[in-house]
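J.: Structure in structure tokens, see below.
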Amino acid sequence: MKTSLIKLLTLCLGLGIFSSQLTAKTETKMDAKMDPKMAAMHEKWMKASTPAEGHMMLQPTIGRWNVTSKMWMNGPKGEVTESAGKATNSWTLDKRFVMMEYEGNFNGQDFEGIGYTGFNNMTKKYESTWMDTMCTQMMNSTGTMDKTGKILTQKGTSFDPMLGVSVKNRMVTSIISNDEHRFEMYSTAPGKREAKVFEMTYVRRGTKRS
């Protein structure tokens, strides 16, 4: 009985090794016979979907931050409202996108926001989306990084409920250091000049400035 069991196990093991070798050889033959056009398409797809240098430019924004916010209701010369909050930026989907989570207050009310920023290998542009508890719209924007890799400028549009019209937005993220970066938002209403409406300064928690 014991001898028969040993023979059976030996046979199964042998079949398993043979099967693995056969599968490897089959895959090798398939790769060798792959249509050159299909191989080229596969290579392009892999290149487009793999995180690269453009994504790594966002690395300084990763971490846990103390945030100081300023909001101008009527442009930089108007009344400014200041508030404090905390943010956590983390990589998601194998470092393809940065997920931004924010908690703070605005005019005495709790405020939460969440957004995503990533680099599109195909268009060579940065793409972002943002949502928060102050509205029900999703703000989308696209843009590019300057040659220094320190200033990201993006543009988009959003609907201003107070004006009742769509406005153009320009967002600038400046990497001051590995422990600090600043986000600024400028808006242009129809028939009006561009005005700064928002500024957020991020200081890494645990540093002297925080």
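The values are calculated or read from the model by the stated rules, or taken from the named source; none is laboratory data. What you see is a predicted model; the values in this text were computed from it and never measured. Heads up, the Cβs are rebuilt from the backbone with ideal geometry, glycines too, and the neighbour counts pull from every protein chain shown.
J.: Pairs only if they're at least six apart or on different chains, beta carbon under 9 angstrom, first in the stretch 108-129 and modelled with pLDDT under 95, second among the charged types (D, E, K, R); list them, first residue then second.
T.: Here the result reads ASP110/GLU103; PHE111/GLU103; PHE111/ASP132, each pair linking the stretch 108-129 to a residue that is among the charged types (D, E, K, R).
J.: Quick check on my filter: what residues within the stretch 125-157 are more than 14 Å from the chain's Cα centre (by Cα) and among the charged types (D, E, K, R)?
T.: Scanning the stretch 125-157 gives ASP132, ASP146, LYS147, LYS150, LYS155.
J.: Which residues, taken from the stretch 164-185, are farther than 22 Å from TRP65 by Cβ and not polar (S, T, N, Q)?
T.: Selection gives GLY164, VAL165, VAL167, LYS168, ARG170.
J.: Hey, could you check the stretch 94-124 for residues that are among the aromatic types (Phe, Trp, Tyr) and crowded, with 16+ Cβ neighbours inside 10 Å and say which is farthest from GLY156 (Cα to Cα)?
T.: Ranking the candidates gives PHE111 first.
J.: Could you check MET131 against (1) aliphatic (A, V, I, L, M); (2) closer than 16 Å to PHE198 by Cβ; (3) not in a strand (DSSP E or B) and say which number it fails?
T.: So the condition that MET131 fails would be (3).
J.: Here is a further query. Tell me, yes or no, whether the stretch 187-208 has at least one residue that is of a type in the set (A, V, I, L, M, F, W, C), in contact with a Lys or Arg (Cβ under 9 Å, 6 or more places away or on another chain), surrounded by 14 or more Cβ atoms within 10 Å (Cβ to Cβ) and free of Cβ contacts under 8 Å to residues at least 24 places away in the same chain.
T.: So far as the stretch 187-208 goes, no, none of its residues is of a type in the set (A, V, I, L, M, F, W, C), in contact with a Lys or Arg (Cβ under 9 Å, 6 or more places away or on another chain), surrounded by 14 or more Cβ atoms within 10 Å (Cβ to Cβ) and free of Cβ contacts under 8 Å to residues at least 24 places away in the same chain.
J.: Next up: Quick one: how many residues across the stretch 67-104 are part of a strand (DSSP E or B), among the polar types (S, T, N, Q) and at pLDDT below 90?
T.: Of the residues in that region, 1 qualify.
J.: Might you let me know whether the stretch 107-121 holds any residue that is among the polar types (S, T, N, Q), more than 19 Å from ALA48 (Cβ to Cβ), assigned by TED's automatic domain parsing to the domain that holds VAL197 and assigned to a loop (DSSP other than H, G, I, E, B)?
T.: yes
J.: Tell me the residue from GLU79, GLU127 that is exposed (fewer than 12 other Cβ atoms within 10 Å of the Cβ) and within 22 Å of TYR186 (Cβ to Cβ), please.
T.: Selected residue: GLU79, the only one of GLU79, GLU127 that is exposed (fewer than 12 other Cβ atoms within 10 Å of the Cβ) and within 22 Å of TYR186 (Cβ to Cβ).
J.: Considering only residues that are among the hydroxyl-bearing types (Ser, Thr, Tyr) and not in a strand (DSSP E or B), which ones fall in the stretch 134-171?
T.: Residues satisfying the conditions are THR136, THR148.
J.: Filter the stretch 52-66 down to the residues that are part of a helix (DSSP H, G or I) and touching a strand residue (DSSP E or B) at 6+ places or on another chain (Cβ under 7 Å) and list them by number.
T.: The answer is GLY54, HIS55, PRO60, THR61.
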